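The values are calculated or read from the model by the stated rules, or taken from the named source; none is laboratory data. This one's a predicted model, so the numbers in the text were calculated from it and none came from an experiment. As a convention, Cβ positions derive from the backbone with ideal geometry for all residues, glycine included, and neighbour counts pool all protein chains shown.
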Amino acid sequence: MQSMNNTQVSFSSPVNCIHHEFVYQVMKHPQKLAVELDEQSLTYCELLHYVQVLSLILLNEYHVVPGEVVCQCVERSLSMVIGIMGIEMAGCVYCPLSPRDPQHRLHALTQQTQSRLVLVHDLTKIKFNHSIVSSNIDSIFTVYNMERNIDIDQLSSIRVTLDDLAYIIFTSGSTGIPKAVQVRHRNFIEFIRSLIYGDVLNEKDTILQMARCSFDVHIHDILGSLMIGSSLIMLHRRGIMDFDYLASVMKEKNITCFASVPTIINNFFTFLEQQNHHNVAQYLRSVCSGGEACSLKLINLMSNTVTHTCRLWNMYGPAETTIDCTFHLLNNSLETESFPIGRPLSNYQNLVLDQFSQTVFMNQEGDLFVGGVGVFAGYLTRDDSSAKALVEIDGELFYRTGDLVTIDNNGLLHYQGRKDHQIKLHGQRIELGEIERCLLNITSVSACIVMKWNDDYLVAYVQSSSHMNEEELRQHCQSHLPPHMIPSIFIILEKLPLNQNGKIDRKLLPLPDLSSSSGNHDDNVPHTTLEQQLQDIFSQALHIQSPHIEAPFNQLGGTSLDAIRVLALIRQQLCTNIDIGLLFTNPSIRQLAQAIEPLLILDAPQDAVFTTNQSQETHLRCSPSFVIESIGIVFLICQWLCPIIIIHRWCPLFFPILPAFHLLFYVICSRLFSPCYIKTDNLFSWNYYRWWFLDRLWNNNTFWLKHILGTPLYNYYLRLCGARISLNTHIYTINIDAPWLLDIDDGSWIANETYLNCLYFNDDGTFKLSPIRIGSNCSIGTRSILFNGVDMQDNIIVQPMSSVTGFIASETIIDGEQHKSLPPHMSNKHSIRSLSIWHKIYQMIALLAIIALHCALLILVYKVYSVGQIPLLINIAFCWTLWSIIGCFISLLLLKFMVGSCAADEIYPTASKLYLQKIWLRQLIVSSFHHAWLLLTSYDYLYPYVLRWLGAHIEENVKLAEIDTFLSYPTNLLQLETGVTAFGSVLLVSTELTPSGDHRVDQIILGSHTNLANGCSILPGSCLESETMIGNLTRISRETKSKSGVVLMGVPARTMPFQMPVTPKNQNQIEIIPFWHTCLSHYVSKCLLLSIYSFGGLVGGSIIHTILVCGLYRCRSYIRHQIIEQIIARVNQDYAQFICPFLGNTQWLIRLFRAYGAHIGENTIMPDISSITDYHLMAIGDNVRLNVGTQIQ
C-alpha cells in the first residue's frame, strides 16, 4: 500500500487558476487553433476576446460576483466553450445543466444551486420559464458588444484563489435529490497536471470532445485542453451517434486523443474494422476509457485497428475525486477478462480498508478511500452527506467511494462492485433510489424497486393497486428524470415478492421480456419489405425476437448506443442518406420505414453519379513518375557540378565564367523545352515535368541572379528567357516560376522577396500557367504575392505583404486584400525611374569590383590549398572556413566605408546615385557574401557587436536569429533596446515607397523585450513600445499604433485583445554561442561533409548524407552537448543547401519528410525543404499542393 501511494511529485511551475492558465496559453501561442466544430473555429486569441466580452457582460449587466454559481444549459457548440471559460474568468462557479433533462428537473437543479442566471442558446431557451433569469449566449456576441473596448483592469481586479470553487457537477442521489459535487480550482489544476505527468495528455494533442455536459469528462476535455495549450475538436449535436461523421472528423482533424466509455469505443472501432477504415485512427496517441469495465476484446480490437504507438488507458474515478483518480495502461499481454483500474495518479492516495478500518491483505476485498489533491470540497448545501463521504485518516482528508476493490501482488487495484445499489450504466453513475423515489411520488404506487438487467437496461418493478399502465409510468419518469435514468422496462405487479424478513426478494422477481414490453399489440406483421428489413435490423441491434412494428424505440429497450448500432446497420444495408435525427423523430419501425422510403429513391442515382465521377477522376488523375524525377535530379546535379569539376582540374582561373555558363544553360533549355506552349495540363504529366525541370534550374541559379538584381543585365537576361520586360523596369525579386510569362512595362519597380507565381494548382488534379502583366509606373512592395493570372494596369501601388490576382484597374492602392482608389492628388505624381548611362556604368563597376574581390579570395584560398603537407580533406575544410571568416570581414569593411550611413527621413529617387550607393550597393554586398555569413549560427553573440560597429544602437541581451536582414538595412538608423528578440525570416524593409515612387529611409526603434516572430516585416519609421509581441506574417509600419505589452498581428498590423506579461529582468531564454564554438563546428562539419562525398562519390555520398541527416534528426532529443548540437545543425544546413534544392516539387522530397517523421499522403507536392518544420508533428493528407514560399510551422 505504501509503495502504491508513493505518488508525490513536485512541479516546477506555480499553480494558477484555470482561467489564468488559459490566458498564459493565449500569450504563448495566440494564433494556434483553440477550438473547432465542423466549419467553425477560433484561435486562442479569438477565443480569449469572446471570453473577455462575455465575462464583462456578466459582471456589468448581470452583476455577478466572484464565487456566485452561474448555470449553463447549452448544446455542444463553440458557445459552450466560450460560456464555460467566460464564467471562470468572471470569478464565478460553472454549473452544467443537460439540455436532455426535463424542464421540471432543470428547475429543481437551478433552485438547488441558488443560481440567479442561466446561460442558454436558441435550442435550449424554451426550457426555462420567466421565473428564472436566462441569457441567450449567442445574442450576447453582437457587433456592438464585440467592438467595445475590453477593460483589462476590471478583469484583472477579480480576486480568485486556488481554493475557490471552479465548477459544480450533479451526481445521482439515493434520497431522490441529486447531489452537487463542488470542485476547487486547485483540484482541477492538479488533476490535469497529473495526466500530463503520466503522459496521458500533452500540449501537442488534438483532443476530440465527445462527452455530454452531464459527464464531468466534458470539463476535462474543454478546460483541460485550453489550460495546456492543445487544440479541441468538437462534434455537432448527436455527432457521437453518427460513426461515419465521427470517422471523418477523426481523420480530417488528425485527432490524437479522446475519452469515452468502453461501449462506444468498442462499437466505433468495430465499425472502423468492418468498413476497413484503418487510416482513420492513424494519428491516435491516447484513448481514455472509463465509466465501465474494459474487456480483452476491446484491447484486441484496438490493437488491430490503430498504430502501435496508440495507448489505451483504463481510467477510474468518481466526480468527488475530480474526474479520475487512478489509471492503468492496458495491453493484450494478459489473458484475462478482468483488468485493473490501476494505480493512483500523481499526488493522489488510495487506501483499501476493511469493515474495521484496517488495511486489507493482498486480494482481499475492501472499501476504497481516495485522498490527495483531487478530493472535492463537499456537496453543495448537503453538509450531512459531505460528513459521511469525507473521512479524516492520519490527518489527511479521504473520500469514501463506496466501491469495493482488491489489490494484487503488483500493487494494482481491481474493481469488484458496490456496497450499495448504486450502478454505472453506459458510464453514468445512477443511484437506483432516486428513480424509486420518483416512482413512489405517484399516489397509486405503493412500492417499487429498480434493477440493472443484462448490463444495458434498467427495469422498474412497480406495485400498484390501480389500473396504471406502462406508458403512464414512462411519461411520469420522462418529466422528472434525465433520459439515462428512465427505465427501459416497467413491470407492474399486484404485489412485490417478499422474503422472511419482509424485504423485497429480488430473486423471485419475474424476468423482463423486451418483446412484450410495448403493450398489447395484435398487429405485428410488417406490411412492406422495408418494414421487414427494419424489423430484422432492430432485432439484430436490440437482441430481441420480432420487435413490435409500432412500438417506440425506447419502449423496446433502446438506448443511445443501440441507436448507434441501428444507424450503422441501416446505412450498411438500406440507405446511406439517413441521419440519426430521423431515428429519434420517427421512433417506431413503421414510422421510420415511411420516412426512409423517399430517401431510397434519391439514394441510388446519387450513388451512381458519385461512382461515375469518382472513376472518371481516378482515370484522369496522373501519378508522379519517380523515373522522370530521378533522371531529372541526376541531370540537374551533373549540370551544376560538372563545370565546377572541369574548371577545378583544368584551369581554376576560369571560375569567374561559371555563373555565365549556368545562366546560359537555363536560357538554352527554356528555348529547347518551348515552355510558352504550356498552358493547362494534368499534374505529373510531361508538360508538368518540363516546367518542373526549368523551375529547378532557375532555383539553382538564384545566387548568381542576386548579383544582377536591379540592373539592366537582369532585364536583358529575363528577355533572353522569353519575358517581355522594359529595360527601364527595376526588378529585385528572384522568386519567379515562369519568366517567359512576364510582361512588365516601363518604370515599374518590384521589391525583393516578391512572389511572381504563374503556376496555379486546380482542384481537379490539373495545373495551369497564367501570364503576369504589370503596367507602367507600378510599385510592388516586398513579400507581395502575384498569382493565378494578373493583369495590372498603370500607376498601381501594392503595399508590402499584399496578395494580387486578376484584373487591377489603374490608379489603385492594394493593401493586404483591400483595394482602394489612388487619391487624385497622387494619381499623376511619379518620378522618373530611368537610369542614366552613368548610373549603369556605376552598377557595372560595382559588380566587377565584387567579382574581383571574390577572385582575390579564391586565389588566396588556392594558395593555402596548394600546401601539400596537409591532408586534402582537412585542407579544403580549413580553406572553406578561412574564406568565410575573410568574407565576413570584407563585407563589413565595404558596408562601413563604401556604403556609409543614411540620414533619417531622407528620400532617394530610384534613378539617383544616392539610391544606388545607399540601398542597391548595400543589398548587393550582403547577398554576395551571404554564404560567408553562414559561418555564424543563429543568435550568435557577435551579431550585436557587428551592428554596433556599423553604427546601430544596440543594447544588452539582444538576440537575433539572422543578421542578413539587419545588414541590409541602414544600420545607423537601427535602435534595438534591451532584450529584443528577432526570430527567423524577419525582414527589415530598407526603404518605404512614397506616393511619387521614391524611396524614404527612416529609423526603426524596437522597445525593450520586443519579440519579432517568424516572417514579420518591419517598415522604416516603425516605433514599437516595450514588451510588444509581433505575430507571424505581420506588417509593421509608421502607422502602427503600439502600446507597452500589446500583441500585433495581421496585414496591416492590428492590436489583439490581450497583453503580454511583463518579462523578468533576469530572463535569458535563448543561449548565446561563443565564436570559437562557431568556427570549430563549421570546420568539423565541413570535414565531415567532404569525407562523406570523397568516400561515397556523388551518388553514394548523397545517400550516406541523407541517412546521416535523418538519423541525427531522430536522435536530436538525446544530444545535450552544445558543440555537437552545432555540428549537427551545420550538417543539416549543408544538406539543405547542397542537396535539397534539387528535390523541390518531387516525391523524393516527400520521402525525405517521411524519413524525418512527418505523416504525408500520396501525390502531395511541396516546393522545398523549408516548407515544413517540426516534422514529427506534421500530418498532411493526399493530393495537397503547396506553392513556393509556403511555410507550415
Quiz item: Scanning the range 373-406 for residues that are of a type in the set (K, R) and either part of a strand (DSSP E or B) or closer than 15 Å to I169 by Cβ (or both), which turns out nearest to the chain's Cα centre (by Cα)?
Solution: R400
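Table: residues versus (1) under 20 Å from L440 (Cβ atoms); (2) at pLDDT 80 or above.
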site	(1), (2)
M468	yes, no
E472	yes, yes
E494	yes, yes
G502	yes, no
L508	no, yes
S516	no, no
H521	no, no
V525	no, no
Quiz item: Of the residues in the range 203-225, how many are among the hydroxyl-bearing types (S, T, Y) and either in a loop (DSSP other than H, G, I, E, B) or crowded, with 24+ Cβ neighbours inside 10 Å (or both)?
Solution: 2
Self-check item: Among the candidates Y461, Y415, residue that is more than 47 Å from the chain's Cα centre (by Cα), aromatic (F, W, Y) and outside any loop (DSSP other than H, G, I, E, B)
Solution: Y461
Self-check item: Selection within the range 1081-1098 - of a type outside the set (S, T, Y) and touching a residue at least 40 places away in the same chain (Cβ under 8 Å)
Solution: H1082, V1084, K1086, C1087, L1088, L1089, L1090, L1098
Quiz item: Do we find a residue being over 24 Å from I954 (Cα atoms), surrounded by fewer than 16 Cβ atoms within 10 Å (Cβ to Cβ) and modelled with pLDDT under 85 anywhere in the range 1080-1088?
Solution: yes
Self-check item: Condition check for K297: in a helix (DSSP H, G or I), surrounded by fewer than 19 Cβ atoms within 10 Å (Cβ to Cβ) and touching a strand residue (DSSP E or B) at 6+ places or on another chain (Cβ under 8 Å)
Solution: no
Self-check item: Output for the range 929-956, where each listed residue is more than 18 Å from A1013 (Cβ to Cβ) and either small (G, A, S) or touching a Gly at 6+ places or on another chain (Cβ under 6 Å) (or both)
Solution: F929, A932, G951, A952
Practice problem: Identify all residues within the range 300-327 that are hydroxyl-bearing (S, T, Y) and out of contact with any strand residue (DSSP E or B) (no Cβ under 8 Å at 6 or more places or on another chain); write none if there are none. | Solution: S303, T305, T307, T309
Practice problem: Grab the strands (runs of 3 or more DSSP E) fully contained in the range 769-824, keeping just those with 1 or more residues being without any contact (Cβ under 8 Å) to a residue 40 or more places away in the chain and under 22 Å from G1050 (Cβ atoms). | Solution: 785-792, 803-808, 812-815, 818-821
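Here is a yes/no grid of residues against (1) under 26 Å from L1177 (Cα atoms); (2) of a type outside the set (S, T, N, Q):
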{"position": "R285", "(1), (2)": "yes, yes"}
{"position": "M302", "(1), (2)": "yes, yes"}
{"position": "L312", "(1), (2)": "yes, yes"}
{"position": "P318", "(1), (2)": "no, yes"}
{"position": "L329", "(1), (2)": "yes, yes"}
{"position": "S346", "(1), (2)": "no, no"}
{"position": "N350", "(1), (2)": "no, no"}
{"position": "Q355", "(1), (2)": "no, no"}
Quiz item: Does L58 fit the bill of being without any contact (Cβ under 8 Å) to a residue 60 or more places away in the chain, among the aliphatic types (A, V, I, L, M), assigned to a helix (DSSP H, G or I) and over 24 Å from M234 (Cα atoms)?
Solution: yes
Quiz prompt | Residue list for the range 1150-1193, restricted to those being closer than 24 Å to A1013 by Cβ, assigned to a helix (DSSP H, G or I) and aliphatic (A, V, I, L, M) | solution = I1169, L1177
Quiz item: Give me the pairs: first residue in the range 665-692 and in contact (Cβ under 8 Å) with a residue 40 or more places away in the chain, second residue exposed (fewer than 14 other Cβ atoms within 10 Å of the Cβ) and among the hydroxyl-bearing types (S, T, Y), beta-carbon distance under 9 Å, and six or more apart or on different chains, which are they?
Solution: F684/S623
Quiz item: In this structure, does E817 turn out to be acidic (D, E), over 30 Å from N687 (Cβ atoms) and under 39 Å from the mean Cα position of the chain (by Cα)?
Solution: yes
Quiz item: Do you know which of the residues in the range 311-337 that are assigned to a loop (DSSP other than H, G, I, E, B) and either of a type in the set (A, V, I, L, M) or surrounded by fewer than 13 Cβ atoms within 10 Å (Cβ to Cβ) (or both) is modelled with the highest pLDDT?
Solution: I323
Self-check item: Output for the range 464-512, where each listed residue is of a type in the set (S, T, Y) and outside any strand (DSSP E or B)
Solution: S465, S466, S479, S488
Quiz item: Under 6 Å by Cβ, and 6 or more places apart or on different chains, what pairs join a residue from the range 382-405 that is aliphatic (A, V, I, L, M) with one that is at pLDDT 90 or above and not in a strand (DSSP E or B)?
Solution: L397/V375
Practice problem: Considering every residue within the range 261-272, establish whether at least one is of a type outside the set (K, R), surrounded by fewer than 23 Cβ atoms within 10 Å (Cβ to Cβ) and without any contact (Cβ under 8 Å) to a residue 24 or more places away in the chain. | Solution: no
Quiz prompt | Filter result (out of contact with any Pro (no Cβ under 8 Å at 6 or more places or on another chain) and outside any loop (DSSP other than H, G, I, E, B)) within the range 109-128 | solution = T110, Q111, T113, L117, V118, L119, V120, K125, I126
